[in-house]
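Down below is the structure, laid out as structure tokens.
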Amino acid sequence: MMMIDIFNTLLGVIILFIGLLIGVAFLTLLERKILGYIQIRKGPNKLGIMGILQPFSDGIKLFTKEQMYLNYSNYMYYYFSPIIAFFLSLMIWMLIPYYFNFINFNLGVLYLFCFMSIGVYTLLLAGWSSNSNYSMLGGLRAVAQTISYEVSLALIMISTLIMIMDFNLMMLSLYQQNIWFMFLMFPLSMCMFSSMLAETNRTPFDFAEGESELVSGFNIEYSGGGFALIFLAEYSSILFMSMLFVLLYMGGYSLSLFFYLKLSLISFLFIWVRGTLPRYRYDKLMYLCWKIYLPVSLNLLLLYLGMKMFFI
């Protein structure tokens, strides 16, 4: 590989990361605006035109706040787990299937599963290292939920992979030129969407931070920069899940404005669900995963496998 190729790839990665962070900043603004209008109020509207500078001032405020030092924490784990969570959420974006100047993953889906699995450890470490009962409880809940829904997420994705018979996400756009997979596997796409909500700890499945006895979940002891990094990791994973849904079910990747509009629509749905639906009960969440999504995804997996074998 030529040095210029390596330089171009690194430059592409840096531009992607900068674009992603700006996207996350405006996603938080979009969320506050939408929730504001759902609750019949304005949301941020003072800084800049219609509050457009609000996320940047929030970021500056959080990163310039004093960092708390806990006397009884396992300090190295406590300090580094938000940083690792943030970098993992950025690294997963290397998967976006660009046509040019980028790394093409032949085993992209396996890379995705590896990084999603490692992300669980950061939740556990952040909850455990704070040495607080509340953060430990929140961490355990978040980990149990994330691991459970990774199983259903993987099985649902395998059905789509059977349709294309490849691990490369670029192939999804080729197979969806005539009809989106969303129309071929509509129930599965809805299962996928709610599994994504659970996987990213979003309302109505935000048990890690939703219950009254858990205060704020695994991140209760974090303030300033540590909290900001956990927050950025969560919102970048929301954007990534939106992109994954568009890749799998809404036509795959295309270098067009329409692709990014679809991505924005799914991100909007994440926020809309938060403003609309009440919180689920924890045991019902687990029941939904193991007793409903698992059997449904397994049965549909066999159906699509049979269809693929029949039509080859």
Here is a list of conditions, (1) farther than 23 Å from Leu140 by Cα; (2) surrounded by fewer than 15 Cβ atoms within 10 Å (Cβ to Cβ), and Ser242 meets all of them except one; can you say which number that is? (2)
Specify the residue that is surrounded by the fewest Cβ atoms within 10 Å (Cβ to Cβ); the eligible residues are those in the stretch 172-189 that are in contact (Cβ under 8 Å) with a residue 40 or more places away in the chain and hydrophobic (A, V, I, L, M, F, W, C). Leu174
How many residues are out of contact with any Gly (no Cβ under 9 Å at 6 or more places or on another chain), among the hydrophobic types (A, V, I, L, M, F, W, C) and not in a loop (DSSP other than H, G, I, E, B) when one looks only at the stretch 172-205? 11
Within 24 Å of Arg202 (Cα to Cα) and loosely packed, with under 13 Cβ neighbours inside 10 Å: which single residue out of Tyr72, Tyr37 fits that description? Tyr37
Are any residues in the stretch 182-194 under 21 Å from the mean Cα position of the chain (by Cα) and either of a type outside the set (A, V, I, L, M, F, W, C) or modelled with pLDDT under 90 (or both), and if so, which ones? Pro187, Ser189, Ser194
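Rundown of residues vs (1) farther than 24 Å from Ile238 by Cα; (2) within 20 Å of the chain's Cα centre (by Cα); (3) assigned to a helix (DSSP H, G or I); (4) touching a residue at least 60 places away in the same chain (Cβ under 8 Å), yes/no style:
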position: Ser267; (1), (2), (3), (4): no, yes, yes, yes
position: Trp272; (1), (2), (3), (4): no, yes, yes, yes
position: Gly275; (1), (2), (3), (4): no, yes, yes, yes
position: Arg279; (1), (2), (3), (4): no, yes, no, yes
position: Lys284; (1), (2), (3), (4): no, no, yes, no
position: Trp290; (1), (2), (3), (4): no, no, yes, yes
position: Asn299; (1), (2), (3), (4): yes, no, yes, no
position: Leu302; (1), (2), (3), (4): yes, no, yes, no
position: Met309; (1), (2), (3), (4): yes, no, yes, no
Testing Met50 on (1) of a type outside the set (S, T, N, Q); (2) on the phi > 0 side of the Ramachandran plot; (3) in a loop (DSSP other than H, G, I, E, B), one condition comes back false. Which one is that? (3)
Being in contact with a Gly (Cβ under 8 Å, 6 or more places away or on another chain) and modelled with pLDDT of 90 or more narrows Leu229, Leu239, Leu265 down to just Leu239
Would you check if there is a residue in the stretch 217-238 being among the hydrophobic types (A, V, I, L, M, F, W, C), surrounded by 20 or more Cβ atoms within 10 Å (Cβ to Cβ) and without any contact (Cβ under 8 Å) to a residue 24 or more places away in the chain? no
Only one of Leu35, Leu88, Leu27 is part of a helix (DSSP H, G or I), over 30 Å from Leu161 (Cβ atoms) and at pLDDT 90 or above, namely Leu35
Quick check on the stretch 303-311. Is at least one of its residues of a type in the set (Gly, Ala, Ser), modelled with pLDDT of 90 or more and surrounded by 14 or more Cβ atoms within 10 Å (Cβ to Cβ)? no
If you go through Lys61, Lys42, the only one that is of a type in the set (D, E, K, R), free of Cβ contacts under 8 Å to residues at least 60 places away in the same chain and in a helix (DSSP H, G or I) is Lys61
Kindly indicate which of Met163, Met192 is hydrophobic (A, V, I, L, M, F, W, C), closer than 25 Å to Phe105 by Cβ and buried (at least 24 other Cβ atoms within 10 Å of the Cβ). Met192
Could we say that Leu10 is over 25 Å from Thr122 (Cα atoms) and in a helix (DSSP H, G or I) here? yes
For the stretch 127-160, which residues satisfy the criterion of being crowded, with 21+ Cβ neighbours inside 10 Å, aliphatic (A, V, I, L, M) and modelled with pLDDT under 90? Ala142
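The values are calculated or read from the model by the stated rules, or taken from the named source; none is laboratory data. Small disclaimer: the values here were computed from a predicted structure and weren't measured. So basically every Cβ, Gly included, is an ideal-geometry build from the backbone, and we count neighbours across all protein chains shown.
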